[in-house]
1. Return the subset of K55/K110; K55/K96; K47/K96; K55/K90; K47/K110 for which the Cα-Cα distance in this structure is over 23 Å, preserving the input order.
2. Tabulate in residue order the Karplus-calculated ³J(HN,Hα) for region 50-67, using 6.51 cos²θ - 1.76 cosθ + 1.60 with θ = phi - 60°, rounded to whole Hz; enter x for Gly and Pro.
3. Would you please state which residues of region 78-97 a label at C67 would reach in this model, taking the label point 7 Å out along Cα→Cβ and a backbone N cut-off of under 18 Å?
4. So for the pair M58, E26, with labels modelled 7 Å out along Cα→Cβ, what separation do we get in nm?
5. Residue by residue through region 75-86, which ³J(HN,Hα) values in whole Hz follow from phi under the Karplus form 6.51 cos²θ - 1.76 cosθ + 1.60 (θ = phi - 60°), with glycine and proline marked x?
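Coordinate-derived values only; no laboratory data. The structure displayed is predicted, hence computed values, not measured ones. Note: ideal-geometry Cβ built from the backbone for every residue, glycine included; neighbour counts use all protein chains shown.
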Amino acid sequence: QLYMIPAVREHILSSPLEEMLREREEAGKGKEGQGGDDSVRVVAEVKRMFSYLAKSTMQFYDMTSFCKTTGVNTAIQEDAQEYLNGLLDKMEKSLKPLPQKRILDLFSTKTGIETVCQNPKCDYRGDR
């Protein structure tokens, strides 16, 4: 579903994650669990999947690599909202040093309250 949101797709595909990952591995920090590289690997895997979906004529993607990278256990049912929040947090963590807009900003919402008088003779409307 994230792929179908043009702003998210463009944001991920334009991220220079390969260079970041290569630089960290060359500096000796490319091992799992160090310096937040797991989150960079997650976004790199999402970028790989988005690239495949954008350029392939196939109508499916083998999720095995994605599940291994993100730590998804396909035998356990997980709440979709909880999973999405965790995935977006990992992605945001790795994209933080980049000059791009925050990915979570693409999902921001605003709540408004409108008060309308129910009396037909009253034309009061208020909002905040």
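1. Where the Cα-Cα span goes over 23 Å, the pairs concerned are K55/K110; K55/K96; K55/K90; K47/K110.
2. 4, 4, 4, 5, 6, 10, 8, 8, 6, 9, 8, 9, 6, 7, 4, 5, 4, 4
3. Flagged as within label range: 78-80, 83-84, 87.
4. Using points 7 Å along Cα→Cβ, the separation is 3.1 nm.
5. Once θ is set to phi - 60°, the couplings for region 75-86 become 7, 10, 7, 10, 5, 4, 5, 5, 5, 4, 4, x Hz.
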